[in-house]
Amino acid sequence: MGVGIRLKNILDEKNITLKDLSLISGVSLNTLYGITKRDNDTIKSDILTKIAGSLNVPPQYILGLDGYAPQWTDEELESFPDGFIDTKDGLLNEILKISRNLTTEGRIKCLDFLKSIENKNLDSNFISEEKKYHEWDMTRLKEISKMHDEGIVSDLDYQKLNLMLSKKLYIPYLEDDEYEKEGQKLRDYIRKAEERLTPEIRDNKIASLFNDDLD
């Protein structure tokens with residue numbers, strides 16, 4: 001399995017098309033099509049970084065390299081104090097210890113199993129927080145839609161913002177000046193949309209996200 005097939009599998013899992021990925025990452029559709037069609041074992045580092053950042057996955061995950069799961073490297077894990085990245089029941093570190101000693105194939109099997117039981121075992125607090133964030137994203141997207149109708153946001157930028165907020169595609173923070181400039185422009189649109197909301201709606205949504213006292 002090469003980079004192309006792994007990329008297609010990731011896109012299928014996230015319900016994202018090549019066109020969606022091209023819009024949000026800045027990588028041309030022809031380039032992405034070529035990657036998936038040729039299914040090579042390698043990919044240019046700058047393109048890999050843009051794709052991985054947009055999909056919010058580590059580059060190693062797309063390359064299929066040993067060590068892609070967990071996302072931290074062994075050195076990073078060892079730098080944390082004991083229990084720093086753990087849950088109250090102490091199980092997270094145990095899971096990470098096991099994962100670090102598995103082959104890539106073993107980690108993939110573990111990942112598949114975790115996905116199979118995910119919906120039955122999701123933490124209720126996590127579900128609640130995800131719902132709040134989704135509602136906040138939809139509130140901002142609704143205002144951005146109005147900005148689009150008013151001609152403030154272009155058709156292309158609206159497509160990108162819609163993918164960001166509805167499908168959780170991310171603008172990666174890269175060093176490339178033009179790419180960062182594009183990302184900043186979209187973040188400015190989101191900030192403008194928030195400013196256009198009535199204080200009551202905006203403050204209540206933000207307070208709810210951070211569990212602040214609404215009184």
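Bear in mind these aren't lab numbers, they're just calculated from the coordinates by the rules spelled out. Keep in mind that what you see is a predicted model, and the values were worked out from it rather than measured. Positions of Cβ are generated from backbone atoms using ideal geometry, with glycine treated the same way; all protein chains shown enter the neighbour counts.
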| Cross-link pairs Lys44/Lys192; Lys120/Lys160; Lys14/Lys142; Lys44/Lys167 - those with Cα-Cα distance over 24 Å | Lys44/Lys192; Lys120/Lys160; Lys44/Lys167
| Is the range 125-209 best put as rounded, prolate or oblate by its Cα gyration tensor, with a ≥ b ≥ c the root eigenvalues, rounded for a/c under 1.5, and otherwise prolate when a/b is larger than b/c, oblate when not? | oblate
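Once the Cβ-Cβ distance between Asn119 and Glu13 is put in as r, and R0 is 22 Å, what FRET efficiency do you end up with, to the nearest 0.05?
Numbers: r = 14 Å, r/R0 = 0.65.
So the FRET efficiency works out to roughly 0.95.
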| task | Work out, step by step, the length gained on full extension between Lys142 and Ile206: first 0.36 nm times the residue separation, then minus their alpha carbon distance; give nm to one decimal. | result | 21.4 nm
| field | Contour minus Cα-Cα distance for Lys131 and Lys37 (0.36 nm per residue) | value | 30.2 nm
| remark: FRET efficiency for Lys168 and Lys97 from the Cβ-Cβ distance with R0 = 41 Å, rounded to 0.05, comes out at 0.90
| said: Please give me the summed charge of the neighbours of Gly34: other residues whose Cβ is under 13 Å from its Cβ, Lys and Arg +1, Asp and Glu -1. | reply: +3
| Residue by residue, what Karplus-based ³J(HN,Hα) values in Hz, rounded to whole numbers, does the range 126-132 have, using 6.51, -1.76 and 1.60 with θ = phi - 60° and x for Gly and Pro? | 4, 4, 5, 5, 4, 5, 5
| Can you work out the FRET efficiency for the pair Asp112 and Lys44, with r the C-beta to C-beta distance and R0 = 35 Å, to the nearest 0.05? | 0.75
